[in-house]
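Engineer: Sending over a structure as structure tokens; questions will come in a sec.
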Amino acid sequence: MRVIGVDPGTVCCGYGIVDVECKGRPPVYVTCGDVRMNNRKPLPERLKVLYDSLGRIIADYSPDHLCIEKIFYHKSIRSSLTLGSARGIIMLLAAENSIPVFEYNSTELKMALTGFGRAEKRQVKDMVFRVISIDRPPEKVSDDSSDALALAICHINTSYELK
């Protein structure tokens, strides 16, 4: 099974893809990266870049499942609405490609990787690198793509669909 994790954003959207043969086997790193958008451009133009770029990634790698972080309450309503727009684009792409979507909140994600629901970003990133072998040093992998890989690993660790 191939799983893509997506860390939504309207300036930088991270993605990470891993394969897993069956439950209990370690996931195998496929790729990760960022879709970067110009923050000076209007939101609709950035969303089009996200749609086109992530659409190509999905077409190239054909994931079986897509994981995304659940919406969280943000201090800024404007930021929450903007993030919701990016999540909508990501979910639309999943629906267009008949990919089931799984959502995890940050506590579930941290718990599945570190065993501690309040782990820091650095601890989560360290665990991502322990679980899968990546051909780049941790400092060369963005926090956004590391979070996306963490989502994919979380899904593999908690999914009942894996046999």
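The values are calculated or read from the model by the stated rules, or taken from the named source; none is laboratory data. No experiment lies behind these values; they were computed from the predicted model shown. Cβ sites come from the backbone with ideal geometry, for glycine too, and all protein chains shown count toward neighbours.
Engineer: Can you tell me which residues in the range 75-85 are surrounded by fewer than 13 Cβ atoms within 10 Å (Cβ to Cβ) and either among the polar types (S, T, N, Q) or in contact with a helix residue (DSSP H, G or I) (Cβ under 9 Å, 6 or more places away or on another chain) (or both)?
Structural biologist: Answer for the range 75-85, where residues must be surrounded by fewer than 13 Cβ atoms within 10 Å (Cβ to Cβ) and either among the polar types (S, T, N, Q) or in contact with a helix residue (DSSP H, G or I) (Cβ under 9 Å, 6 or more places away or on another chain) (or both): 76, 79.
Engineer: Mind checking which residues of the range 86-119 are buried (at least 16 other Cβ atoms within 10 Å of the Cβ), in a helix (DSSP H, G or I) and either at pLDDT below 95 or among the polar types (S, T, N, Q) (or both)? Show your work before the answer.
Structural biologist: Let us first name the residues in the range 86-119 that are buried (at least 16 other Cβ atoms within 10 Å of the Cβ), namely 86-87, 89-91, 93-94, 99, 102, 104, 106, 108-114, 119.
Next cut, in a helix (DSSP H, G or I) only: 86-87, 89-91, 93-94, 106, 108-114.
The answer is 106, 108, 109, 110, 111, 112, 113, 114.
Engineer: When you check residue 28 against the structure, is it of a type in the set (A, V, I, L, M), touching a residue at least 24 places away in the same chain (Cβ under 8 Å) and out of contact with any helix residue (DSSP H, G or I) (no Cβ under 9 Å at 6 or more places or on another chain), yes or no? Full working, then the answer.
Structural biologist: Working: of a type in the set (A, V, I, L, M): yes; touching a residue at least 24 places away in the same chain (Cβ under 8 Å): yes; out of contact with any helix residue (DSSP H, G or I) (no Cβ under 9 Å at 6 or more places or on another chain): yes.
Spelling it out, residue 28 is indeed of a type in the set (A, V, I, L, M), touching a residue at least 24 places away in the same chain (Cβ under 8 Å) and out of contact with any helix residue (DSSP H, G or I) (no Cβ under 9 Å at 6 or more places or on another chain).
Engineer: OK, next. Could you check, for the range 66-89, whether at least one of its residues is hydroxyl-bearing (Ser, Thr, Tyr) and within 21 Å of residue 19 (Cβ to Cβ)? Please lay out each step first, then the result.
Structural biologist: From the range 66-89, those hydroxyl-bearing (Ser, Thr, Tyr) are 73, 76, 79-80, 82, 85; that's our starting set.
If we keep only those that are within 21 Å of residue 19 (Cβ to Cβ) too, we end up with none.
No; the residues of the range 66-89 include none that is hydroxyl-bearing (Ser, Thr, Tyr) and within 21 Å of residue 19 (Cβ to Cβ).
Engineer: Return the residue satisfying two criteria in turn: it lies in the range 128-148 and is assigned to a helix (DSSP H, G or I) and touching a Gly at 6+ places or on another chain (Cβ under 9 Å), and of such residues it is surrounded by the fewest Cβ atoms within 10 Å (Cβ to Cβ).
Structural biologist: If we filter the range 128-148 for residues that are assigned to a helix (DSSP H, G or I), which is where we start, we get 128-131, 138-140, 143-148.
Right, trim to touching a Gly at 6+ places or on another chain (Cβ under 9 Å) and you get 128, 143-148.
On the way: 128: 27, 143: 15, 144: 23, 145: 26, 146: 25, 147: 25, 148: 30.
Out of the qualifying residues, it is 143.
Engineer: Where the second residue is of a type in the set (A, V, I, L, M, F, W, C) and surrounded by 11 or more Cβ atoms within 10 Å (Cβ to Cβ) and the first is within 13 Å of residue 12 (Cα to Cα) and in contact (Cβ under 8 Å) with a residue 24 or more places away in the chain and lies in the range 77-89, which pairs have Cβ atoms under 8 Å and are six or more apart or on separate chains?
Structural biologist: 82/43; 83/71; 86/13; 86/47; 86/50; 87/68; 87/71
Engineer: Just checking, which of 9, 55, 33 is in contact (Cβ under 8 Å) with a residue 24 or more places away in the chain and assigned to a strand (DSSP E or B)? Talk me through it step by step, then tell me what you get.
Structural biologist: On the way: 9 fails: assigned to a strand (DSSP E or B); 55 fails: assigned to a strand (DSSP E or B).
The conditions single out 33.
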